[in-house]
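Have a look at the structure below before the remarks.
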Amino acid sequence: MFHREGQRIIITTFFIVVALIVVSQYFVDIEWLRWLLQISGLVILILILQFFRNPKRPVTPDFDEILAPVDGKVVAIEEVFEPEYFKDNRKQVSIFMSPINVHVTRYAASGTVTYSKYHPGKYLVAWHPKSSTENERTTVVLHTPKFGEIGYRQIAGAMARRIVNYAEEGEQVTQGQDAGFIKFGSRVDLLLPLDCDISVKLNQKVVGARTCIAALRHEDDR
């Protein structure tokens, strides 16, 4: 299954590769060069297909957990001041996606979209500390039944040139539902309340709509 954001580039790449194979088969007399062109075309097509793959991951919504919004590796867990919307301190969990990861963004929790805004910006490498505030990005805030308001940012990286964000203010969304897509290497920051328990560790690999990022802190643990 492939994401709808990749349909045009997949179809275009397919026809270009087919044309390359046919042309090289009939007009390239050097055998090693003909094989090189054909194999290179197929490899490019396979890479495009795997980048836009969209595995189905059914979720039974759990109001007590925040799930990973994307596949990738946890590159930061820290307390930060968030100046755009919350204007207070938040626990930030940052997940870096390499080009080989699934790049679908999924809602980390069920709730109501209370804020959704696009910001143009730079294209620093996605693991750079300033990428959260200086790169092209979107900021989305959800009001959840048990965590209150949580936020996330889709952040473009050095290779990413398009962020797709489906969140619209006032919309009711469900945990695990498709929330957007970031093309070609990027990062997502989760902005969570200080009183939640982070369930992941630095450098841990996480799976979107599968890995629990944070849970409610029970009274006995306070």
*For the chain, with all protein chains present and a 1.4 Å probe, just round the carbon and sulfur fraction of the accessible area to a whole percent.*
60 percent
*With r defined as the distance between the Cβ atoms of Gln172 and Trp35 and R0 fixed at 35 Å, what FRET efficiency is calculated, to the nearest 0.05?*
0.05
*Multiply the residue separation of Arg4 and Ala215 by 0.36 nm, subtract the distance between their alpha-carbon atoms, and state the gained length in nm to one decimal.*
72.8 nm
*Once you list every other residue whose beta carbon is under 9 Å from the beta carbon of Val74, what net charge do they have if Lys and Arg are +1 and Asp and Glu are -1?*
+3
*Alpha carbon centre of the stretch 1-20 versus the stretch 69-95: separation in Å?*
34 Å
*Highest GNM mean-square fluctuation, the chain, Cα pairs closer than 10 Å: which of Thr138, Thr105, Thr60?*
Thr60
*Using just the helices of the chain, give the 222 nm mean residue ellipticity in deg cm²/dmol: DSSP H runs with n ≥ 4 each add -39,500 (n - 2.57), and the total is spread over all residues, rounded to 500.*
-7000 deg cm²/dmol
_Which listed pairs, of Lys73/Lys183; Lys87/Lys205; Lys146/Lys183, have C-alpha distances above 28 Å, in listed order_ = Lys87/Lys205; Lys146/Lys183
_Label point 7 Å beyond Cα of Glu84 along Cβ direction - residues of the stretch 183-212 with amide nitrogen under 20 Å_ = 183-194
_Residues of the chain: accessible area per residue with a 1.4 Å probe, Å²_ = 52 Å²
*Output the Cα-based Rg and Dmax of the chain in Å, rounding Rg to one decimal and Dmax to a whole number.*
20.0, 76
*Each label point is 7 Å from the Cα along the Cα-to-Cβ direction; what then is the distance between the points at Asp64 and Leu194, in nm?*
2.5 nm
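The values are calculated or read from the model by the stated rules, or taken from the named source; none is laboratory data. Source: prediction; values computed, not measured. With ideal geometry, Cβ positions are generated from the backbone for all residues, glycine too; neighbour counts draw on all protein chains shown. Accessible surface areas use protein heavy atoms only, side chains included; no ligands, DNA or RNA. Shrake-Rupley method; radii C 1.70, N 1.55, O 1.52, S 1.80 Å.
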